[in-house]
1. For the pair N40 and R94, what calculated FRET efficiency results from E = 1/(1 + (r/R0)^6), where r is the Cβ-Cβ distance and R0 = 35 Å, to the nearest 0.05?
2. Return a whole-number percent for the relative contact order of the chain, with Cα pairs under 8 Å and 6 or more residues apart as the contact set.
3. Report the calculated FRET efficiency for E28 and R81 (r = Cβ-Cβ distance, R0 = 41 Å), to the nearest 0.05.
4. Can you list the residues, at least 5 places off or on another chain, whose amide H is less than 5 Å from the amide H of C116, using H built in the peptide plane?
5. Hey, can you grab everything whose amide H is under 5 Å from the amide H of T35? Only 5+ residues off in sequence or another chain; H modelled, so Pro and N-termini drop out.
6. Which entries in K15/K86; K4/K78; K2/K58; K58/K78 show an alpha-carbon gap greater than 22 Å?
7. If you wrap a convex hull around the Cα atoms of segment 2-119, how much volume per residue is inside, in Å³?
8. Can you compute 3J(HN,Hα) from phi for each residue in segment 68-80, using the Karplus curve 6.51 cos²θ - 1.76 cosθ + 1.60 with θ = phi - 60°, rounded to whole Hz and x for Gly and Pro?
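Here, each number is a calculation from the coordinates, and none is a lab measurement. This is a predicted model, so every value here is computed, not measured. Quick reminder, even Gly has a Cβ in these numbers, built from the backbone with ideal geometry, and neighbours come from all protein chains shown.
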Amino acid sequence: MKLKINTDGFEGYAKRAVVRARKLDRRERVQPEITITFDNPLAMLEVLTAQRIRLVQKVRIKSSSISALAAALGRDPKSVRRDVMKLELAGVVRTRERTNPGHGRIRVVEPVARECQLTAVL
């Protein structure tokens, strides 16, 4: 599955929805994808900072716990936890709980899609 992130607001979303609906009307195959639309590039950059993009890149390679991500990125676990929460709210990553034998449970961060396409329109 592919994740597409756009910055063309409602107008862009509406155009893509019409194109998709026409394909469905013609019974054409539509590739499954997740689309996130921001109103403008600045709104996108509030969510997708450089640190958060690095975090997403690490998670796309291998799903990891927050503490493992913090260690791999050389960052404070609290900061990584906050970044994961923002990315999860935006729909870029998801978390799940997993049993950590002998240590209770851990939260694992994983991508919503293996491929991600960012498109910013100024």
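1. According to the calculation, E is roughly 0.90.
2. 37
3. It comes to 0.45.
4. L3
5. Amide H to amide H, under 5 Å and 5 or more residues apart or across chains, T35 pairs with K4.
6. K15/K86; K4/K78
7. Given the Cα convex hull of segment 2-119, per-residue volume reads 112 Å³.
8. Rounded to whole hertz, the list is 5, 5, 4, 5, 5, 8, x, 10, 6, x, 5, 5, 5.
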